[in-house]
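Peer 1: I have a structure I would like to understand better, so I am pasting it below and will then ask my questions one at a time.
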Amino acid sequence: MRKIFNKIAVATIATVSFAACTEVDICTSELHPHLATVDISYDWNGVTMSDSMLVMPYRIVNEWSCVYICTPDGSAGHYIDNRPDSVFTNDAGELFTIKTGETRFLTFNYNPANVAYAYSNVLSSEDVMNNLVKVRYKSYSLESSVMKQYYGNDFISADTTKNNYVLNGDLFPHVYSQYTGIIDVENGSNKIEFAPKSIFNNYEFNFDISAEGVTVNKVLASLSGVPYSYNMTTCKPETSRVCNVLFGVAGNGGSKYTGTATVLGLQRSSDSTISRGPGCLQLAIYVTDAEGNDKVYNLLINLYNYIPGIDRLQYGKDCTYNIDAPIVITNDGVETSKGAASWKLLNLSL
């Protein structure tokens, strides 16, 4: 009798195991209990977006991800990597079908054909799980055709690493990204509205530049300490490599001038006395003197005392820096006064 009972028990367990849908998805039902559709939409808050959007879900328990590309409104799309075995469809084609469970979603616009930045590890479903999805700058020398196109060929950098310049964010459409918190994706239909934000920040600099007996024709600024790359899942710039950025400075009336560096972030110098490396700002002031001679005055200031807080890396919000060290340019040269820091006059030549 015991042998007969044991055989019945084993057969029953085997039958139940065979009939159940397991995590390895051997079930062939069209309405698979481990899959759900996600209806995507975007709130652009006035931003005009023409790029396609990448969506990378990351299911935390029993890790799983895929890569899906869609229109800026989320209404139509298709898979790039790790398409689920069962995908729901409608008249428009493939719906966004993913595995159920606690999931975070990474989404960002995808435009590889641009001169400002490139993508790293964005087309593989494994990369979002390993925090490897990044955007990085394309860097240029001052002699490159790209830099000459936007800034001319008469700027002389105090930084000897002249092939380490990136384009300012006012020259190209931005990357907009969002990495959501945990969302419980359930069987059936789910709705998610994304609201991506630019990964670039505006760092505004205000200067006092007086011209006495000379005419100021142009002012360019060069800022060092710009992070080279941005990690999409940590939502933070990376400073293992830093770059420089050039940006224009315009007059606001009288002696007031303003320029804005739109970049991934800004790393402060490690010391207030350093005149090279991250966190330094160079001004090139192009003037014509009373005799009609064209001159360029290059000045440099360490921003250590202007960047607040104890963290060296500034990112995630717009900032304004009022440089309270006035510059006076006369027919005889340049005079500077000391504020939170002082300007250093540079002797630069091509």
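Peer 1: What FRET efficiency do you get for L132 and L348 if R0 is 30 Å and r is their Cβ-Cβ distance, rounded to the nearest 0.05?
Peer 2: With a Förster radius of 30 Å, E is 0.15.
Peer 1: For region 171-248 and region 52-121, write down the distance between their C-alpha centroids in whole Å.
Peer 2: Using only Cα atoms, the two centres lie 24 Å from each other.
Peer 1: Under the rule of -39500 (n - 2.57) per DSSP H run of 4 or more residues, summed and divided by the residues of the chain, what mean residue ellipticity at 222 nm is obtained, to the nearest 500 deg cm²/dmol?
Peer 2: -2500 deg cm²/dmol
Peer 1: If packing is taken as the average count of other Cβ atoms within 10 Å, what order do 309-320, 67-78 fall into, highest mean first?
Peer 2: Those peptides, ordered most packed to least, come out 67-78, 309-320.
Peer 1: Considering the chain as a Gaussian network with a 10 Å cut-off on Cα pairs, which listed residue, S86, S125, S224, attains the greatest mean-square fluctuation?
Peer 2: With Cα springs under 10 Å in the chain, the top fluctuation among S86, S125, S224 is at S86.
Peer 1: Also, I was wondering about something else. 7 Å from Cα along Cα→Cβ at both S189 and K317: what's the point-to-point distance in nm?
Peer 2: 4.0
Peer 1: Still on this model: Could you list, in their original order, any pairs among K138/K218; K138/K236; K99/K138; K134/K317; K218/K338 whose Cα atoms are separated by more than 28 Å?
Peer 2: Over 28 Å Cα-Cα: K99/K138.
Peer 1: With a sphere of radius 13 Å drawn around the Cβ of N322, what net charge do the other residues whose Cβ falls strictly inside it have (Lys, Arg +1; Asp, Glu -1)?
Peer 2: -2
Peer 1: With axes computed from alpha carbons, what is the tilt in degrees of helix 2-19 against the longest principal axis of the chain, rounded to the nearest 10 within 0 to 90?
Peer 2: Orientation of helix 2-19: about 40 degrees from the principal axis.
Peer 1: What distance in nm separates the two pseudo spin-label positions at I60 and D154, each 7 Å out from Cα along the beta-carbon direction?
Peer 2: Each label point lies 7 Å from its Cα, and together they span 5.8 nm.
Peer 1: Specify which labelled value, from (i) 90, 45, 31; (ii) 114, 45, 31; (iii) 62, 42, 41, agrees with Cα extents along the principal axes in Å derived from the coordinates of the model shown.
Peer 2: This structure yields the entry labelled (ii).
Peer 1: Given a Förster distance of 56 angstrom, what is the FRET efficiency for E94 paired with T258, based on the Cβ-Cβ distance and rounded to 0.05?
Peer 2: After rounding to 0.05, the efficiency reads 0.70.
Peer 1: Follow-up question, since we're still on this one. Under a Cβ-Cβ cut-off of 11 Å, what is the net charge of the residues other than T262 that fall near it, where Lys and Arg count +1 and Asp and Glu count -1?
Peer 2: It works out to a net charge of -3.
Peer 1: Can I ask one more? Express the accessible area of the chain per residue in Å², computed with a 1.4 Å probe while the remaining protein chains stay in the model.
Peer 2: Normalised by residue count, the accessible surface of the chain is 49 Å².
Peer 1: While we're looking at this one, here's another question. On a full-extension model of 0.36 nm per residue, what is the gain between V296 and D332, subtracting their alpha-carbon distance, rounded to one decimal in nm?
Peer 2: 11.7 nm
Peer 1: FRET efficiency for T215 and N82, Cβ-Cβ distance as r, R0 = 51 Å, nearest 0.05?
Peer 2: 0.25
The values are calculated or read from the model by the stated rules, or taken from the named source; none is laboratory data. Worth saying up front: this structure is predicted, and the values here are computed from it rather than measured. Glycine also receives a Cβ, built like all others from the backbone with ideal geometry; neighbour counts cover every protein chain displayed. Side chains are part of the model used for accessible areas, which takes the heavy atoms of the whole protein and leaves out ligands, DNA and RNA. Shrake-Rupley method; radii C 1.70, N 1.55, O 1.52, S 1.80 Å.
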